[in-house]
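What follows is one structure encoded as structure tokens, with my remarks underneath.
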Amino acid sequence: MNLTVNYWLYKSKKNKDGMCPLVLRITLNNKRYDKRTGKFILESNWDQNKQMLKSKDLHSKLFNQTLVS
């Protein structure tokens, strides 16, 4: 069984404020399942390699903690 869990920004679906939906991607045995989280993030605030917000303010820290848990 091969399982990976990632987050990614759906850049082509930006809202009127220019924010991208955050999508949870689960890959199980080479089959992908995507689920929108309901959260919107500015592309410039997202670190794709670390899969979390770049900012160090309190809101970002709390948001990043929810992604990890």
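The values are calculated or read from the model by the stated rules, or taken from the named source; none is laboratory data. It should be emphasised that the depicted structure is a prediction, and the values quoted were computed from it without experimental measurement. With ideal geometry, Cβ positions are generated from the backbone for all residues, glycine too; neighbour counts draw on all protein chains shown. To get the accessible areas, we keep the full protein, side chains included, count just its heavy atoms, and leave off ligands, DNA and RNA. Shrake-Rupley method; radii C 1.70, N 1.55, O 1.52, S 1.80 Å.
Taking a point 7 Å out from the Cα of residue 23 in the direction of its Cβ, the residues of the stretch 34-69 whose backbone N falls within less than 15 Å of it are 34-41. Averaging the sequence gap over all C-alpha pairs within less than 8 Å and six or more residues apart, then dividing by the number of residues, gives the chain a relative contact order of 24 percent.
The orientation-averaged shadow of the Cα convex hull for the chain, equal to a quarter of the hull surface, comes to 5.2 nm². When the chain is described by a simple charge dipole with +1 on each Lys and Arg Cβ and -1 on each Asp and Glu Cβ, the residue from 29, 42, 64 located farthest towards its positive end is 29. Beyond 18 Å in Cα-Cα separation lie the following of the pairs 14/35; 39/61; 16/56; 14/50; 35/56: 16/56; 14/50; 35/56. Relative to the Cα centre, the charge distribution of the chain, modelled as +1 at Lys and Arg Cβ and -1 at Asp and Glu Cβ, gives a dipole magnitude of about 180 debye.
Once both labels are positioned 7 Å from their Cα atoms along Cα-to-Cβ, the gap between residue 7 and residue 33 label points is 2.0 nm.
Whenever you get a sec, compute what percent of the accessible area on the chain sits on carbon and sulfur atoms (1.4 Å probe).
52
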